[in-house]
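The values are calculated or read from the model by the stated rules, or taken from the named source; none is laboratory data. None of these values were measured; they are calculated from a predicted model. A quick note on method: Cβ atoms are made from the backbone with ideal geometry, for glycine too, and the neighbour counts reach across all protein chains shown. Protein only, heavy atoms only, side chains kept; ligands, DNA and RNA dropped before computing areas. Shrake-Rupley method; radii C 1.70, N 1.55, O 1.52, S 1.80 Å.
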Amino acid sequence: MPEHYAHIGDAIGAALTHNTQMAARHARARAAENAPPAQPLADEMPTTWITAVADAIAHHGHPIHTTRPTGITIHLTPQQRHTLHADTQPYLLIGWHPAGIDWGLTADGTHTTHPQPLTDTTHPADIAHTIDRLLTTGQPT
């Protein structure tokens, strides 16, 4: 009989963990939905927009390393480095300018020598989806 109670306890613990994770995921999703609307790109973007983009990226499970008015840096996991063929560059740099949003690999987290187009949308949730696709498949589209 005690073994049966142990299984019940494990099941309850798993259900509580799942419910907590789902509540956090829904809260992040609501925050992303309430993010500032898409807006024209500039060399430096407002803090509210940058925060919304960073929060939306984190919602996908990709921790943000740094944010600046000119870009966002993500410290790559070993799997992400493998996916992106980033042997010596542990960071992904997302940068913007009036012509669009780019991504590139970087060793120092602040400069990339080969920026590549990421997306033409400026809505934080859409940008995050594109970054998630890039980090999981190696391609932004």
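The table that follows gives values for the structure above.
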quantity	calculated
Within the stretch 57-71, tally of residues that are among the small types (Gly, Ala, Ser) and outside any loop (DSSP other than H, G, I, E, B)	2
Where Thr73 falls short, out of the listed (1) under 19 Å from Pro140 (Cα atoms); (2) modelled with pLDDT under 95	(2)
Single residue of the stretch 35-71 satisfying the filter (of a type in the set (S, T, N, Q) and in contact with a helix residue (DSSP H, G or I) (Cβ under 7 Å, 6 or more places away or on another chain)) that is surrounded by the most Cβ atoms within 10 Å (Cβ to Cβ)	Thr67
Test for Ala42: is it closer than 14 Å to Ile131 by Cβ, at pLDDT 65 or above and outside any strand (DSSP E or B)	no
Pair list, Cβ under 6 Å, 6 or more apart: the stretch 98-113 residue under 17 Å from Arg81 (Cβ atoms), other residue of a type outside the set (A, V, I, L, M, F, W, C) and open to solvent by 70 Å² or more (accessible area, probe 1.4 Å)	Trp103/Gln116; Gly104/His114; Gly104/Pro115
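Results for (1) assigned to a loop (DSSP other than H, G, I, E, B); (2) open to solvent by 90 Å² or more (accessible area, probe 1.4 Å); (3) closer than 20 Å to Glu44 by Cα, shown as yes or no for each residue.
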{"site": "Thr73", "(1), (2), (3)": "no, no, yes"}
{"site": "Gln80", "(1), (2), (3)": "no, no, no"}
{"site": "Ala86", "(1), (2), (3)": "yes, no, no"}
{"site": "Leu92", "(1), (2), (3)": "no, no, yes"}
{"site": "Asp102", "(1), (2), (3)": "no, no, yes"}
{"site": "Thr112", "(1), (2), (3)": "yes, no, yes"}
{"site": "His129", "(1), (2), (3)": "no, yes, no"}
{"site": "Asp132", "(1), (2), (3)": "no, no, no"}
{"site": "Thr136", "(1), (2), (3)": "no, no, no"}
